[in-house]
Amino acid sequence: MVLAAFASVPLLSASALAAAPANDDVTAATVISALPFADTVDTSEATASAGDLDCSGLEDTHTVWYTITPTADMLLGLVTEPQFAAEISTSIASGSPGSLSFLQCTFNTTQTLDAKAGTTYYIQLASAGADPGGLIRLGVVQVEPFTVTLGLDSTGRIDNGVITIGGTLQCSRALPPGSEVVVQGTLEQRRATGWLVPFHSAAGCPVTPLRWQTTVQVLAGTFVRGRAVLTATAFACDEFTCATPRTRTARIQLR
């Protein structure tokens, strides 16, 4: 995980914050040769140069550079964590110094890059305008795609007018707590219709079945004990990517 990689990278002391960083210029970009990658850099003494990428629309200042050339097609995940820096842009270009092709940029702390084998990419971290820069942690990881599997219980419960349904949920790789994992859908029975109060998993999405359960908000009609049609969709996203939503429809028994 990126955070685990960061844990081994100590913050720089104040006495070390005096010189321009070694990767101040694109021609001296730090080479990312293995993943996961983590680095802490101080940009307060970094400078701007001709050929720097412009993400903010203002003058990008205090720029530092990294470069990576994947040996296989992969989805890369980038995390930037400013420490004592107001706002940092992360820009990505392909090509070579002096002839870079701008691809994308963001002021968010995370972004992904659909990287192609043999293509050289340059990553620029920059502050904008009068921002003084500061310590920045950069992490780069290979993002593995994943799938989500949704299971539906064959029965539901009506108790004093409250309808409860549930099932199971799991992912092909574990998503940590804080990931966006949701189940929502509808319930129908003759002329009665309702929608599932969205279930949010605080535990993330494990590789073993996780029990989910929620109630039904009745929109029309009255549900009674007997057969009903449940349609549910599971959504799962980590900080970098999302699984293809999984929808299932089943006849269930309300008891």
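The values are calculated or read from the model by the stated rules, or taken from the named source; none is laboratory data. For clarity, every value in this text was computed on a predicted model and none was experimentally measured. Reconstructed Cβ throughout: ideal geometry from the backbone, glycine too, with neighbour counts over all protein chains shown. SASA here: full protein model, heavy atoms, side chains in, ligands and nucleic acids out. Shrake-Rupley method; radii C 1.70, N 1.55, O 1.52, S 1.80 Å.
Just a yes or no: is a residue in region 41-61 farther than 20 Å from Gly134 by Cβ, modelled with pLDDT of 95 or more and in a loop (DSSP other than H, G, I, E, B)?
No: region 41-61 contains no residue that is farther than 20 Å from Gly134 by Cβ, modelled with pLDDT of 95 or more and in a loop (DSSP other than H, G, I, E, B).
How do the strands (runs of 3 or more DSSP E) wholly within region 168-255 filter down when requiring 1 or more residues that are free of Cβ contacts under 8 Å to residues at least 60 places away in the same chain and in contact with a Pro (Cβ under 8 Å, 6 or more places away or on another chain): which remain?
180-189, 210-220
Pull out all pairs, ordered by first then second residue, where Cβ-Cβ is under 7 Å, the residues are six or more apart or on different chains, the first lies in region 42-67 and is on the phi > 0 side of the Ramachandran plot, and the second is part of a loop (DSSP other than H, G, I, E, B) and open to solvent by less than 20 Å² (accessible area, probe 1.4 Å).
Listed pairs, sorted by first residue: His62/Thr43; His62/Ala46; His62/Gly133.
Can you tell me which residue within region 78-129, out of those that are in a loop (DSSP other than H, G, I, E, B) and either at positive phi or touching a residue at least 60 places away in the same chain (Cβ under 8 Å) (or both), is least open to solvent (accessible area, probe 1.4 Å)?
Once the filter is applied, the top-ranked residue is Gly129.
Of all residues being over 24 Å from the mean Cα position of the chain (by Cα) and among the polar types (S, T, N, Q) in region 51-72, which is least open to solvent (accessible area, probe 1.4 Å)? Just the residue, please.
Out of the qualifying residues, it is Thr63.
Going through region 130-141 one residue at a time, which ones are under 17 Å from Asp73 (Cα atoms) and open to solvent by less than 10 Å² (accessible area, probe 1.4 Å)?
Val140 - this is the single residue of region 130-141 that is under 17 Å from Asp73 (Cα atoms) and open to solvent by less than 10 Å² (accessible area, probe 1.4 Å).
Determine whether region 81-91 contains at least one residue that is touching a helix residue (DSSP H, G or I) at 6+ places or on another chain (Cβ under 9 Å) and more than 16 Å from Val143 (Cβ to Cβ).
Yes; the residues of region 81-91 include at least one that is touching a helix residue (DSSP H, G or I) at 6+ places or on another chain (Cβ under 9 Å) and more than 16 Å from Val143 (Cβ to Cβ).
Among (1) surrounded by fewer than 17 Cβ atoms within 10 Å (Cβ to Cβ); (2) in a loop (DSSP other than H, G, I, E, B), which single condition is Leu75 missing?
Answer for Leu75: the failing condition is (2).
May I ask you to list the residues in region 171-190 that are under 17 Å from Ala202 (Cβ atoms), open to solvent by 20 Å² or more (accessible area, probe 1.4 Å) and more than 18 Å from the chain's Cα centre (by Cα)?
Scanning region 171-190 gives a single hit, Gln184.
Which numbered condition in (1) over 14 Å from Gly139 (Cα atoms); (2) out of contact with any strand residue (DSSP E or B) (no Cβ under 9 Å at 6 or more places or on another chain) is the only one that Val26 fails?
Only one criterion is unmet by Val26, namely (2).
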